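Here the structure is laid out as structure tokens; the discussion comes afterwards.
The values are calculated or read from the model by the stated rules, or taken from the named source; none is laboratory data. Keep in mind that this is a model prediction, so the values were computed, not measured. Note that we place each Cβ from the backbone using ideal geometry, even for glycine, and neighbour counts take in every protein chain shown.
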Amino acid sequence: MIDAIMQSPEWNSTAIFLTFDEGGGFYDQVAPPYVGGHMLGQRIPFILISPYSKENYVSSTVLNHASILGFIDYNWKLPALNRFVSLSNIPLDMFNFNTPYQSGNIRRTPMPVLTNKEFQLPSSPVFSLEINPPSLSSMFPLPLQIPIHKLPYSRSGSSTFNLSQVSSSLYVESDQSYVPWYVTDQFMIASSALSIFIAAIAGIRMRRRIK
């Protein structure tokens, strides 16, 4: 899918954020930081794919999943979805919008990993599952687009920019999440007590019938 986007007219204005929803059970020796009073979880991969992304760059910016929402709000000049989004750092340091490479270009050209010959889409609803994936050892590591010594920026960095620094407007002003009444502690206790009471009444009636 990413290769198809790279080869489409939309590539020149694309930013793809590739991340996970959890750490997969791996141990993280670094204590999670806090954002707006909320403790974050363990670290997970976060990859930016874009013609404006910095090649061979490792960011030390503290990010979370709300950082992607913050980037969308910032890019389209929208108010932050809520206070947590407004306080979440935006990965702007991972982009290069201003410093041209030696070629004079700002945008990097696509780097498709796979070709149509390696993974062909089925031509009909009925198809065979005989797939011969390419050898990954022959594909990686990919050659660098730009030699490391010719990169016009540092290979590492960080940013602390967030939406609260440029605007205080929020789309959702309250940080209180909506909890349905049927999952509240009070309802669970009341329903449990009612279940016990009904079971007791049924037991009394059963004993009376047995007698």
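Figures for the structure shown
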{"read-out": "Criterion (buried (at least 19 other Cβ atoms within 10 Å of the Cβ), aliphatic (A, V, I, L, M) and either part of a loop (DSSP other than H, G, I, E, B) or free of Cβ contacts under 8 Å to residues at least 60 places away in the same chain (or both)) met by exactly one of 69, 78", "value": "69"}
{"read-out": "Condition check for residue 58: over 20 Å from residue 72 (Cα atoms), at pLDDT 85 or above and either among the aliphatic types (A, V, I, L, M) or surrounded by 13 or more Cβ atoms within 10 Å (Cβ to Cβ) (or both)", "value": "yes"}
{"read-out": "Some residue of region 92-112 being exposed (fewer than 14 other Cβ atoms within 10 Å of the Cβ), aromatic (Phe, Trp, Tyr) and farther than 21 Å from residue 158 by Cα", "value": "no"}
{"read-out": "Matching option when the condition is more than 18 Å from the chain's Cα centre (by Cα), more than 22 Å from residue 12 (Cα to Cα) and assigned by TED's automatic domain parsing to the domain that holds residue 22, among 100, 79, 45", "value": "79"}
{"read-out": "Residue check, residue 46 over 22 Å from residue 99 (Cα atoms) and either in contact with a Phe, Trp or Tyr (Cβ under 6 Å, 6 or more places away or on another chain) or surrounded by fewer than 16 Cβ atoms within 10 Å (Cβ to Cβ) (or both)", "value": "no"}
{"read-out": "Total residues in region 1-43, condition small (Gly, Ala, Ser) and surrounded by 14 or more Cβ atoms within 10 Å (Cβ to Cβ)", "value": "2"}
{"read-out": "Selection count, region 1-45, where residues are in contact (Cβ under 8 Å) with a residue 12 or more places away in the chain, outside any loop (DSSP other than H, G, I, E, B) and within 15 Å of residue 89 (Cα to Cα)", "value": "3"}
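Table: residues versus (1) assigned to a helix (DSSP H, G or I); (2) under 30 Å from residue 38 (Cβ atoms); (3) modelled with pLDDT under 90.
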position	(1), (2), (3)
141	no, no, yes
173	no, yes, yes
182	yes, yes, yes
186	yes, yes, yes
189	yes, yes, yes
205	yes, no, yes
209	yes, no, yes
